[in-house]
Structures are given as C-alpha cells and as structure tokens.
Amino acid sequence: MKPFVVCGWVLFAAGAMLDAQLVVPQLGVARFSDGSVHPIRGVAANLIVQARSIGNADSASFSDSIGLTSTNGFVRLVRPDGIVLGEYRSGEQQPILAIDSAAQSAAAWLPSKHVLVHWDGHQFVEVPIDDSSFVGRVSFVSLKADNTAQFFVVRDDSSVARFQVTLPSGRVTSADIEPSARGPVFVQQGWMLTQDAWGLIAERANGNRQTIQLSAKALPASDLTMERMSNHWLHVSSKSTGTDWALYLDAGKLNISFMPPAAIGAAR
Amino acid sequence: MKSLLIAALLFAANAAYGQTTSPFTLYVHDTTGTLPDTVLPSIDQLASTPVGGSTPLVLKMLNTSANNVNFVVALVSTSSTSTAANPNFSITGLFQNQVLAPGTSVLFTVNFAPTTAGPVTGYLNLEFQIQQNGCVFSGTGTICAGNNSNVSTLTGTATAPQLTLTYQSPTGPVVLIPSSSSPLNFPNTSLTSTSPITFTLTNPTSIPATTPTVSLPVINTNAPSAFSLNASGLPATIGAGQSANFTVTFAPSQTGLASGELQVGANIYPIQGAGVIIATIDALQISYTDATGIRTLPQAATPISFGQVLPGSGASSVLTFSVLNPTTSANSVTLPSITVSGTGFSVSGLPAFPVTIAPGNSLSFKAAFTPVSAGTFTGGLTIGSRTFSLSGLSVSSAIPSFSITTNGVMSSQQQVNLTVQLSAPSPVSALGTITMTFTPSVASVTDDPAVLFLATGGRQLNISLASGAQTATYNSQFAISFQTGTTAGSITFAVAFPDTATYTQSFAIPSATAQLTSVQATRESPNLLVNISGYDNSYSAGQLSFTFYDTTGKVIGSPISYNASSGFQQLFFTSNTDGGLFSLQASFPVSGDVTQVGSVTVGLANSLGQATSSAAFQ
C-alpha cells in the first residue's frame, strides 16, 4: 500500500502534504474444502471471498505478507497473490505448516521424516529433529527469532506437551505440559486455541480464557481445522457441518465471523 | 471418568474450605438460542432418562460478583457436603482453574447418565476463589481463600434400560455405543457398488418396548448423504426379549471419506465410509448445477431432487450435469450410454454414444423434470454403470401467508439470521426459493457484492416447508444467515412457493457515520505510521484528522488535517467491487524522538458526521 506522506513536519509542526492512496482492506488468504486458495477482502462480519483462486493446496498458512502451502507433497513459499518464491519436495502428505510474519518464520514439520524445513531467506533448509521424546502427534509448530522452534505435541491421553528445540542442532532443550489444553492446539497472537464440544476454547498465558460457541449441536472430536489467513485472522472450518468462519485475534479481543464459501463468492 | 476422579481429589484436598454464597449465577441455557436463559432453580427436576442413556443440561455460569473469581472445579456429588462424585452424573465442556472477570460467563454441560433404575438425586457443587483484599490466586502473596458452594439439587428418574443396538461383524455381533468418538466404519466401496450393514435392535427387558425412531439426520447442510436407510421392517413395538432389524447402505458417488450419523431415539451413532476407485468408470467426477447456480456433488444414496413444479403448466425444473474425467485419471473412460427413467423426467444435450472422455476432458448434459399431473415422482439416471435416483414434486399448494423476521440489527457490517414464518401450520409440504436483492441508496452505486447468503455466497436459496410446519428451512436449518454489506440502501427478500403469490419484505440499511474498524499505530523511526481500516456506507468520506499525544497523554501541537475526498471518491466510484470498504496508511516523518509520541486519535468525517478512534503507538 502506498502511504500518505506528511512532509516538513518537524516534531508536530503542521504543514501536511498527503499523497492519498486508498485501497480495499486485505483480510487474508484462505484454503477452502475443495482445496482452492482464495484471497479474502473485508472487515469483520463483512467478508468478500475473491472469485480468483491463487492455486490449490492440501494445507496452507499465511501471514500478511507471505504464506506456505502444501500440495501433493510439495511445500511452497508463496506471496498472497499466488507468486511462488520457493519450493521444497517434501513427499509429506500432511506436513504441519507454520508462519508468523516474515518469510524467515516459515517452517514445515515433516513427521514421517522427523525433519523441520525452514526458509533461510534464500532457500528451504532441512533440520533433523530429535523427536524421540515427543511421544505423540505434533499439532502445531512455530519458529522463533532466537533460533529455536516450539512443538506442541498431543499425547494419546489428549494432554498437550510443549517442546522447545534449538536449531540447527535439533535437540530438545525443554518440555512443559500445557495444563489446560486438551487435544490439537493452534497458537496465534498469543492465544492458544483448542476445540471443545461446542466450538473453540481460546486461552492466553495470563489466564484470560474465552469460549467461542460455533454450533448448537455437539461437534465430533477433531472436527475443526484451523489455518492462518494473515497475522490477525484465522480460518476455522468444520468438516461435519461444512461451515467456515474467520476469527480475528489480537492481544485484547477475539471476533468471529461466518465466511461465505468460495464456490460462488464474489463471482456471482 | 478421569476428570471426575481429578475433581474428586481436588475436593478432597480442599475439604477444609468453607461453604459460602456462590459468586456465580447459573442459568439453564438453550444452545439453539430459541429460549431465553432461565435461572437454575435450587431444586431442578431433570427429564426421566433410561439407564444407559444420557440427558444433557447446558448451564451458563455467570460471575455476578464485583470481583475476579478463579473457578476451580464443579462436581455433582452424592450429598450437599460430600466430595464423592455421583456416578449418575458427569460434567463436560468445563475447564478447571478458569479465571472469570465480573460479568463474564462460561458454558458447561451436566449430563444425567443414570447407571441404575429409580429416583436419582445429585448435588451440584462449585469450588472457587474470590480475588479480594489484595489476595492472589497463585504465586507470591496472600493466596485467596478457597470456597465451595452447593448451587442446586438435581433430581431425576432413571427408567428401564434402553434397547441395545448391534450389528454383525465378521467376528460376531458388536454392540454400538452412543456418541462414540470412534465412528462405525463401512467397507471401502466402489462408486458403482454399495455396502449395506444390517443393524439389530434388541429389547432385553421383560416388557414390550416402543420402537424408537430411526433416522439419518443431516449433518452437512451443503452435501447429500452417502448413506441411506431402510427401516421399513421395524415394528411399532419390540416384544420382550425380541429383536428387529433395519439396514443402512453406504452408496457413495464421490471418492474420499464420507461421514454421517445414525440416530436411534435420542442416541447418535457416528458412521463413516470411503468411496474408492475400483472400476475405471469410478474415476468420473459427476456433479450438477441448479438454476440458482449452486453446484452439488450427488451421492447414489440420496435421490437428486428437482424441487417442486406446478403440474400441467409446461414448466420444467432443469439441472445441468457435468461428467469430468480428471487430469489425475490414468485412463480414458468410455460411456456406452446416459439414460433416464421415470415419468416426467428427460435428458437433453447428450453426445453420440459410445463416447470416450479422456483425462482432463468432460461432457455436460441437461436433465429436466416436467410433470403433467400432481404428485410425487421418482426416476433414475444412469451414466454408464453409475446410477442415481431422481425425485420431483408436483403440487398445487394452499400455503398460508408468511412473513420474514430477523434476529439482528439491520445496519451495515452485520451477519444476521432471518426466518420465514407462516401465519399457520402449512397443510402441505412445498419447495420454494428465497431471493435477496440489494438496492443502494448511494447515487451512481449499483451493488455491494458483500450482500449475500452466507451458506452459499449467492443471493438465492432453495427453501422447503414440511407439512404441519410453521417455519421454512434451508437444508434443515430454520435460521438463514446473510451479510448486510457496507453500502447504505435496502435489502429486499422475495419468498416464492409454487402456486402462491411471491411475498416480499424490505429492510433499510441506513446511512451512517464512517466506521473505523481498525486503527494501528507504529513507530518506524524517523516515521510514525498509522494504518486505518473501515468503511463508509454513504461513500462521502473526506476530511481526515490526526491528533497526537505524548506518553503522558498531553496533546502535541495542533491536529493535522487532510482532505482525502478525491482519494475516497476514486476508490468508491472507480471500478468498485467491494462496497464502502477502505484501508489506508498515513506516514508522518518526525524530526526528533518518535518514542515521545504515545498515541494518536484519528478522525474521519463524512456527510453524516465524524467518526473517531484512538490507538497507542507500538
């Protein structure tokens, strides 16, 4: 977005010269149940799914500026307009994709290979991970600026353990139980999200916990799929009801909206 | 059970805690939103429930005190002072150690699941800490005292055991457990084949039992079911020690996992199966599109519905079918024929047969339902060896007058539910449509694409009316959700059923001041950046103002104003496809220390007034 520019402004001396450039708010990028990936415009409770698909994917994760997709065993670093910046042949059908903000936060956990792949600014780099202590299924992974990665692992009894791993050694340096989490977790904007019978439970480290009811009828276990649409928006979809939602998250609030399907969307 | 044990241990550990008045008010909550919340009485009579069954009671727990409260645990015990869990109850959906601020609430469910017949009494107890007088819930400092409180006595009657439901597996009969997290798996099935499973209802008691209703409820409102039910052999009652059978058939027409539910009485049994490619023709992806543009992936188990047509009027209901051999397919597929059967059904636009469809290619044709008399019509469609059943309805209805009600505020940027209600129960079943049109009140603006039904993203839905019902449904749902967009104007809904006058009702979306939905302020020395998103439903926004404050809250200098009218006009009136939405970034070069600037208040004026919003610099 081209900004307004105020020139000659010496610590709040007026004299504004603004070069106006107004655009439509880009809300994020979402993958729909048929695999098509579409940009979303709008604000809360007013979502416009762009008819143009930027590709197809088995899973996707986007920030405001960059995204990761996985399609037929290929992990790709893509811009929100669909331009592919990098590609890695993972051979993994269900990698766990992670992205926070910049491209250097992009990572993919390949459970069958015990490898974390991340973007170093130029290419994807493989880091073997010693996951022998995980004893469960990784449901979420994130790459930190201090050359560490966090893995959230769901155990057989549905409890959740968080492992910190140093890179590039791939060694586990700490493991903690998330006492209030049960089942697969997703983390965004400091909120840890899990599914309960009626919808979502969102919790912050300070104990702030909110329930978001999505259904009047109990949802099956592991019914909800969560994928990042952008820095502040999360796509939540229900396999059993075929319903899509967009959840806004920041430090202070959560706001859920229904999301129209991509089948017709703005192409009507 | 594990959570109950944990709860019991916590109660035991805190047995010395004092009984006190609960800071919570508990309400009986209707999750469908139909009924208002009602305060949970001190003695609550639960519905009679058979042994082996379960009756849920959804409760809303609201912190009505003026303090933060750390909710520790809830338990239904065997007496008002006992810490022993009552085996006839369980609590789900509630997390332990949850801090609730004043005025906040959580939902949880008490399940009455009796284990032995007869009257049952349970005592709902809560354990909590109240944050007052500087105490803390954990860590260093004075720990807030723990308290528990008996909030309600729950009574109910456990009736005779339920009928048992079994099916025959290769290793013998298997008893099905309601609401199991492990669905019953049907065999992987070719798209040209079916897999039936016969279920047996057994009455193990010494008295005849009324046969419960058996059904396959709709769980995905956007897709036909891959399962069909034949319960025609079930008697009205099952004698003592007797059994009766019914059959569920998995008949997929799409590859991949298909899920469903089998409902027997109040019990739900998850079921699933996978459609797989075995025969070459299984690779063909078959879909159809109706007149409203909605595309559907049919399943052989569910008849393809042509809707309702007036008899003898010459009118037709037409579906356009697509038969695609996907690019991922290994082989070309040759179809010897496409045929239709049944009175009133026809096909057109067929190619010459045999026809070969190479990978990546497709063919399309139309199927029509043109009834000549009133009644319910059935037929069949055969595409090679892939078969589908067809249905159509032809009636002259006498539907009572209807109206539309909405549950939300009719203004911009809303997602609202509407219902189509009749003045009296309908004497007939009928299929109709609801269509929405949007008329902007802003000059030179013709539409807002965000005004749409949320179920499909379109502006027309097929709705149905059951005989005896007083509310129309879309895919079994009473509430029909739609978006109001970000443009002032009016939304008009038109409800049409065959042989009835079309009913229309309009709702105004009034013009309003601009809305700043997001203001974010960041320091990027030597600049201050202010990102603003929002909408102006009058399309008349122009004057922007920015007032800066230092970190102590004092205004710095004078507000900076900028007339952005031309920019807004260009956005709103040049190739606009997004309504009144806008986003902008304002950059302010600063000579000095940007960290002295603490916050900014943004103002935006339109023809109806000024909107303001503030943000702290990060």
Per-residue ellipticity at 222 nm attributable to helices in chain B (runs of n ≥ 4 DSSP H, -39500 (n - 2.57) apiece, nearest 500 deg cm²/dmol) works out to -1000 deg cm²/dmol
Checked against the positive end of the charge dipole of chain B (+1 on Cβ of Lys and Arg, -1 on Cβ of Asp and Glu, about the Cα centre), the farthest of B:PHE493, B:THR166, B:THR49 is B:THR166
Over all Cα pairs of the stretch B:515-616, the Kirkwood radius sets Rh, and Rg/Rh then becomes 1.00
Contact order relative to length for chain A, counting C-alpha pairs under 8 Å separated by 6 or more residues, stands in percent at 13
Shielding of A:47-60 by other chains, given as the mean Cβ count within 10 Å, works out to 2
Cα pairs beyond 21 Å in the stretch B:343-497, in percent, come to 60
Using alpha-carbon positions, the gyration tensor of the stretch B:280-394 gives root eigenvalues a ≥ b ≥ c; with a/c under 1.5 called rounded, otherwise prolate if a/b exceeds b/c, else oblate, the class is prolate
Percent antiparallel among DSSP beta bridges confined to chain B, rounded to 5, stands at 90
Rg (one decimal) and Dmax (whole number) from the Cα set of the stretch B:2-159, in Å, equal 15.7, 52
Pseudo-spin-label distance A:ARG171 to B:LYS554, built 7 Å along Cα→Cβ, given in nm, is 5.5
Bounding extents of the stretch B:164-276 in its principal axis frame from Cα atoms, largest first in Å, are 46, 33, 27
Projecting the Cα atoms of B:THR38, B:ALA85, B:THR296 onto the charge dipole of the protein assembly as shown, where Lys and Arg contribute +1 and Asp and Glu -1 at Cβ, the residue farthest towards the positive end is B:THR296
Taking max minus min of the Cα coordinates of the stretch B:93-156 on each principal axis, largest first, gives extents in Å of 50, 19, 19
With +1 at each Lys and Arg Cβ and -1 at each Asp and Glu Cβ, the charge dipole magnitude of the protein assembly as shown around its Cα centre, to the nearest 20 debye, comes out at 580
Partner shielding of B:572-583, taken as the mean number of other chain Cβ atoms within 10 Å, equals 4
Mean per-residue count of partner chain Cβ within 10 Å for B:587-598 equals 4
Quick shape check on the stretch B:253-327: root eigenvalues a ≥ b ≥ c of the Cα gyration tensor, a/c under 1.5 is rounded, otherwise prolate if a/b tops b/c, else oblate, and it reads oblate
So, with points 7 Å from each Cα along the Cβ direction, the B:ALA469-B:SER215 label distance in nm works out to 1.0
With +1 at each Lys and Arg Cβ and -1 at each Asp and Glu Cβ, the charge dipole magnitude of the stretch A:97-231 around its Cα centre, to the nearest 20 debye, comes out at 200
Row for chain B, column shape: gyration tensor on C-alpha, a ≥ b ≥ c, rounded if a/c < 1.5 i.e. under 1.5, prolate if a/b over b/c, else oblate; value oblate
In terms of the charge dipole of chain B, which places +1 on Lys and Arg and -1 on Asp and Glu at the beta carbon, the residue among B:PRO427, B:PRO510, B:GLY603 farthest towards the positive end is B:PRO427
A convex hull over the alpha carbons of the protein assembly as shown yields, per residue, a volume in Å³ of 202
For B:THR157 and A:SER101, extending 7 Å from Cα along the Cα-Cβ vector and measuring point to point gives, in nm, a value of 6.4
Log entry: pair-distance distribution for the stretch B:431-505, C-alpha pairs binned every 10 Å from zero, whole % per bin is 19, 46, 26, 8, 1
For A:LYS144, placing the label point 7 angstrom along Cα-to-beta-carbon and taking the stretch A:185-216, residues whose amide nitrogen sits under 11 Å are none
About its Cα centre, the stretch A:26-267 carries a charge dipole, from +1 on Lys and Arg Cβ atoms and -1 on Asp and Glu Cβ atoms, whose size in debye to the nearest 20 is 340
Quick calc of log₁₀ I(q)/I(0), the stretch A:167-268, Debye, one scatterer on every Cα, no solvent, q values 0.11, 0.15 1/Å, result -0.39, -0.67
Checking rank on B:133-140, B:78-85, B:183-190, B:511-518, with mean other Cβ inside 10 Å and highest first, the result is B:511-518, B:183-190, B:78-85, B:133-140
Taking r as the C-beta separation of B:THR376 and B:THR32 and R0 as 41 Å, the FRET efficiency to the nearest 0.05 is 0.85
Amide H proximity to B:GLN242 below 5 Å, modelled H, separation 5+ or other chain, gives B:ASN203
XL table A:LYS113/A:LYS253; A:LYS253/B:LYS60; A:LYS217/A:LYS253; A:LYS144/B:LYS554; A:LYS253/B:LYS554; A:LYS144/B:LYS60; Cα-Cα > 30 Å flagged, in table order, is A:LYS113/A:LYS253; A:LYS144/B:LYS554; A:LYS144/B:LYS60
At R0 = 22 Å the Cβ-Cβ FRET efficiency linking A:GLN94 and B:VAL276, nearest 0.05, sits at 0.70
HN-Hα couplings for the stretch A:199-204 via Karplus (6.51, -1.76, 1.60; θ = phi - 60°), in whole Hz with x for Gly/Pro, come out as x, 10, 10, 10, 9, 9
Per principal axis, largest first, the Cα atoms of chain A extend in Å by 62, 46, 40
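Any read-out appearing in this document is the output of simple, stated calculations on the displayed coordinates, not a laboratory observation. Note that the structure is predicted; figures quoted are calculated from it, not measured. Cβ atoms come from the backbone with ideal geometry, glycine included; neighbour counts cover every protein chain shown.
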